Amino acid sequence: MHTNFATKACAIAALLPTAAIAQSVFAHVIVGNTASYTIEQWTSEIELAQSYGIDAFVLNIGTPFEGNTATQASYAFQACNALSSGFKMFFSFDYNGGTDGPWSQSDIITILQAYAPNGCHFQYDGKALVSTFEGTSTDEINAWPSIRAAVNHGLYFVPDWTLLGPHGFDTSLVDGAFSWDMWPAGAHDVSTTSDVAWDEDFLTPAGKTYMMGVSPWFYTDLPYKAWVWRGDSAWSLRWNQTLQIVPEFVEIATWNDYGESHYIGPIVSAGIPSGAERYVENYPHTGWLETLPYQIAAYKHAYSAANPTPSVAAGEEKIVYWYRTSPASAGSTNATGNYCPSPYNAGAYQSCVPITDILEDEVFAIVLASQAGTASITIGGSTSTFSVSSGNNFVRKAFQGNTGVVSVGMGSVSGSGVEITAAPASGIANYNAWVGCAGSCRSI
Ligand SMILES: *[C@@H]1O[C@H](CO)[C@@H](O)[C@H](O)[C@H]1NC(C)=O
Ligand SMILES: *[C@@H]1O[C@H](CO)[C@@H](O)[C@H](O)[C@H]1NC(C)=O
């Protein structure tokens, strides 16, 4: 049995009769990729994210808290404060990503003293939400009671301590947990097995909340990390899984992590890590934003039979479609499959899964339809048609050796995207996705 939000909500409501407990959706922002930002750039990205239904940015920061990191955190809050639009921010303290080692207790206290009371800081149950990326040494996890005691504002602490696993730490240290385990470790689709272990088996019995990760893709091909996990259907499948798990929070990974190809925000060239330009430039992902209002509405209403899956209004039909631009077997690469040991995949610890098994050579599409009908996907001269129902549909068409421009259609909706070629022109593989949107879309 999956978690029943109604039961949880009742249990919480019994404790807090007047508090409205709402679910929230966040997007993970790599502040390290925002060094070029002005306050105006933050303003525009906050407006963009909020317009698609995202409630807050999770500011991922590594040590030290000075220079660009401190400046950009300040700019982000300044932009948010000036807008005063209900959008919020909170921090994810990244213990692995900094140039000055893991976070110290005193720096975290200083930052939270300054920002936790800010009008733009996300609060849950009247407390400032705080997260981490790892920070799982015994000293690091045991520092949190002292951090709470030292900050003059309540903290609602939801770390990502995925490395420790469910049951790997004392739940009295936390208010909830975030799991970074949102990509499948093999040649199969992402499942809810790990979410169930975190949420139902570990956190719920302790009365703690779960933050579930949703991500569309994962491909990194840098000199120090180069591997691939299956994305493929994930932008449809993983949101569907939020309807089964019904977590209190969803964190999208990510808004702007270009190096790992799971950005859903706009590409800001200055933020692309050196070496990733090759696979990021000209591979827009903002089409994925176009399904978010529907997916978020479905997730936020999933607890109630009286609020069924949202409908799609006439005139708002769209097809969001994505694909790699060559078959997985074409082109050279230093990337490896899941956990496959190599000089570029140092953390590998399990057996190799070939990339050609992990990645499916297909065009994937979410079709949001206002009524039942027929949708089509064409690759070059090859067209496949699909019966779709009103609402949310997912369809896919295998390359099967076809090359050429990809186009999609349904009634008056039509659009086309870049060509699929038999091999990458450069000779080097690119496993990133090109994402398009046809119909009622604001982006490409
Ligand atoms: C693999 O890595 C080497 C060394 O960094 C680099 O010279 C080469 O271009 C890379 N090859 C591909 C296909 O990415
Ligand atoms: C997600 O849910 C919709 C609506 O039930 C369904 O049509 C679609 O096939 C699902 N997506 C995947 C990838 O299973």
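The values are calculated or read from the model by the stated rules, or taken from the named source; none is laboratory data. Here the structure is a predicted model, which means the values were calculated and not measured. Note: ideal-geometry Cβ built from the backbone for every residue, glycine included; neighbour counts use all protein chains shown.
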Exercise. Read through the list (1) surrounded by fewer than 19 Cβ atoms within 10 Å (Cβ to Cβ); (2) within 16 Å of ligand 1 (Cβ to nearest atom); (3) at pLDDT 95 or above, then give the number of the only condition that K225 fails.
Key: (3)
Quiz item: If D125 satisfies every condition in (1) within 20 Å of D160 (Cα to Cα); (2) at pLDDT 95 or above but one, which is the exception?
Solution: (2)
Self-check item: Residue list for the range 226-259, restricted to those being of a type in the set (G, A, S), part of a loop (DSSP other than H, G, I, E, B) and more than 12 Å from the chain's Cα centre (by Cα)
Solution: S233, G259
Quiz item: Where in the range 32-131 are there helices (runs of 4 or more DSSP H), lying fully within it, with 1 or more residues that are out of contact with any Lys or Arg (no Cβ under 6 Å at 6 or more places or on another chain) and within 21 Å of P159 (Cα to Cα)?
Solution: 67-83, 105-115
Practice problem: Go through the range 397-444 and give me each residue that's within 16 Å of ligand 1 (Cβ to nearest atom), in a loop (DSSP other than H, G, I, E, B) and either farther than 14 Å from D361 by Cα or of a type outside the set (G, A, S) (or both). | Solution: P424, A425, S426, G427, N430, Y431, N432
Practice problem: Check the range 320-329 and report whether any residue there is more than 16 Å from ligand 2 (Cβ to nearest atom), in a loop (DSSP other than H, G, I, E, B) and of a type in the set (K, R). | Solution: yes
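So how many residues does the range 269-286 have that are within 14 Å of the chain's Cα centre (by Cα) and in a helix (DSSP H, G or I)?
We begin by selecting, within the range 269-286, every residue within 14 Å of the chain's Cα centre (by Cα); these are 285-286.
Checking which are in a helix (DSSP H, G or I) leaves us with 286.
Number satisfying all stated conditions: 1.
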Quiz prompt | Which listed residue is at pLDDT 95 or above and over 25 Å from H28 (Cα atoms), from V363, V280 | solution = V363
Quiz item: Looking at V158, V174, V228, which is the one that is aliphatic (A, V, I, L, M), under 29 Å from E362 (Cβ atoms) and not assigned by TED's automatic domain parsing to the domain that holds L368?
Solution: V228
Quiz item: (1) assigned to a strand (DSSP E or B); (2) more than 16 Å from ligand 1 (Cβ to nearest atom): which one isn't true of D199, the others all being true?
Solution: (1)
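Residue-wise test of (1) of a type in the set (S, T, N, Q); (2) free of Cβ contacts under 8 Å to residues at least 40 places away in the same chain; (3) away from ligand 1 (no atom under 16 Å from the Cβ); (4) crowded, with 22+ Cβ neighbours inside 10 Å.
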residue: Y219; (1), (2), (3), (4): no, no, no, yes
residue: I264; (1), (2), (3), (4): no, no, yes, yes
residue: Y279; (1), (2), (3), (4): no, no, no, yes
residue: H285; (1), (2), (3), (4): no, no, yes, yes
residue: A297; (1), (2), (3), (4): no, no, yes, no
Practice problem: Select from the range 165-190 the residues that are of a type outside the set (D, E, K, R) and in contact (Cβ under 8 Å) with a residue 40 or more places away in the chain and list them in ascending order. | Solution: G176, F178, W180, M182, W183, P184, A185, G186, A187, H188, V190
Exercise. Quickly run through the range 138-176 and pick out the residues that are charged (D, E, K, R), surrounded by 19 or more Cβ atoms within 10 Å (Cβ to Cβ) and either assigned to a loop (DSSP other than H, G, I, E, B) or touching a helix residue (DSSP H, G or I) at 6+ places or on another chain (Cβ under 6 Å) (or both).
Key: D175
Self-check item: Subset of the range 54-73 that is closer than 19 Å to F26 by Cα and among the polar types (S, T, N, Q) - its residue that is nearest to the chain's Cα centre (by Cα)
Solution: N60
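Report yes if some residue within the range 380-396 is among the basic types (K, R), assigned to a strand (DSSP E or B), more than 16 Å from ligand 1 (Cβ to nearest atom) and without any contact (Cβ under 8 Å) to a residue 40 or more places away in the chain; otherwise report no.
no
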